[in-house]
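Each remark here refers to the structure printed beneath this line.
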Amino acid sequence: MPSLPLQGQTVVVTDGLWRKSLSAIRSLGKAGAEVHVTGDSLFTTGFWSRYTSRRVRATDPARDAAAFEKALLAHLERLDRGAVLLPMEEATIRWLTERAPVVADHARFLIPDEDSLSVALDKGKTFEVASQAGIPAPHTDLPEDPAALARIAADLAPGSFVVKPRAGSGSTGVVYGEERDAAAWREHWDRYGPMVVQERVPAEGRAVGVACLFDSSGTLKARFTHQRLKQYPVGGGPSTDRESIHEPQLEAWSEALLRSLDWRGIAMVEWKQDPVSGGFRLLEINPRFWGSLELAVRAGIDFPTLYALATLGEEVPESFDYADHVRCRWMMPGDILRYLSDKDRESPRRFLKGAIRLAEEWDRRDKRGALATVVCTGALALNPRYWRYLRR
């Protein structure tokens, strides 16, 4: 691949608040792209990277999709040449699948169709497809209403199950084996939507993610596997420390599952290992760029650049080889909060070892972006609307 494979190409990265978006901005900028970033506040972290050429103020589509569309399309229409669009968040991808014909007049993108996305976003549908494909998954119940949810949970031993929203990502709305009465389950259902009830794989089991990139013809072009070492919240949440590994069986299952959906674009398939049997079970499909994207880039799989090239129809080299045991930490504020809340935390000396070198926020070529992760996170912590950042 040439040193600047995207030289002069405009790429619009949405949802610039998130740490994965900063990673994408840096990768694309280093590949020569002119990077434009959307965000709804001056405290959008990605706005301050040295690799951001233009800031686009646009409302979060999760709050107001119509306002987001108006701002984004107005920006795309002003560009002299077609841009590549990287939708970074679930709400943005949902919006894009619904408005694809309109956006395609102004930008190029690579996403699954609505049917495929609907399966990935609905854990009930995901497990039905996995079962048909013979892919191991936890026993799953799909209650039809809050009353059914309460009955199913009441019949299960505390701690033996997990309740998750059928749609959604991260740890928001997830309940780990709690005893609740029918009124509490109804309130939870009303707040987070329909639920699934799953057999809980013990928390001590390894959590592994397999990320894949499929081009416009459905050919697998890149793959990367990592395991989480630490997470926040400690009881279940996004990883704060992780490392690159290879797991051939999980990679084969992940590819088979996504191929069964005729997948296009990016996705990560999440797995959990049963510490007793040693077997792995499917947890979910994450149909977007994932929080620990920077680890893949550092290990040798530059997904943002590969995605942009595949979107443009360029020849994309197969990228499956990368270094094992590369580590990357989400320090600000993820691993700091994890350390402070973890009863079994390591010594301060061990915690601080490699804190800067391994931090995903740090980039010696983008010190301004690194500083923004501290300043913007601190400023947004004052607004409860942004507290979901801590669970992503």
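Within the stretch 94-110, is even one residue buried (at least 24 other Cβ atoms within 10 Å of the Cβ) and within 30 Å of A359 (Cα to Cα)? The answer is no, given that none of the residues of the stretch 94-110 is buried (at least 24 other Cβ atoms within 10 Å of the Cβ) and within 30 Å of A359 (Cα to Cα).
E69: more than 25 Å from A372 (Cβ to Cβ), part of a helix (DSSP H, G or I) and modelled with pLDDT under 95, yes or no? Considered against the rule, which asks whether it is more than 25 Å from A372 (Cβ to Cβ), part of a helix (DSSP H, G or I) and modelled with pLDDT under 95, E69 comes out as no.
Within the stretch 165-184, is even one residue surrounded by fewer than 20 Cβ atoms within 10 Å (Cβ to Cβ), out of contact with any helix residue (DSSP H, G or I) (no Cβ under 9 Å at 6 or more places or on another chain), farther than 29 Å from L295 by Cβ and not aromatic (F, W, Y)? No, the conditions are met nowhere in the stretch 165-184.
Against the numbered list (1) surrounded by 23 or more Cβ atoms within 10 Å (Cβ to Cβ); (2) over 24 Å from W330 (Cα atoms), G279 comes up short only at (1).
A search for C-beta distances below 7 Å between a residue of the stretch 305-329 that is within 20 Å of K30 (Cα to Cα) and any residue that is among the polar types (S, T, N, Q) and part of a strand (DSSP E or B), counting only pairs 6+ apart in sequence or on different chains, returns L306/S319; Y322/S244.
For the stretch 13-55, filtering for residues that are outside any loop (DSSP other than H, G, I, E, B) and of a type in the set (S, T, Y) leaves 7. Only one entry of L85, L110, L96 meets the criterion of being of a type in the set (A, V, I, L, M) and either in a helix (DSSP H, G or I) or closer than 29 Å to Y176 by Cβ (or both), and that entry is L96. Among the residues of the stretch 312-330, those that are out of contact with any Pro (no Cβ under 8 Å at 6 or more places or on another chain) and either among the aromatic types (F, W, Y) or crowded, with 23+ Cβ neighbours inside 10 Å (or both) comprise F320, Y322, C328, R329.
The values are calculated or read from the model by the stated rules, or taken from the named source; none is laboratory data. Just so you know, these numbers come straight off a predicted model, no measurement behind them. All Cβ positions, even for glycine, are placed from backbone atoms using ideal geometry, and neighbour counts span all protein chains on display.
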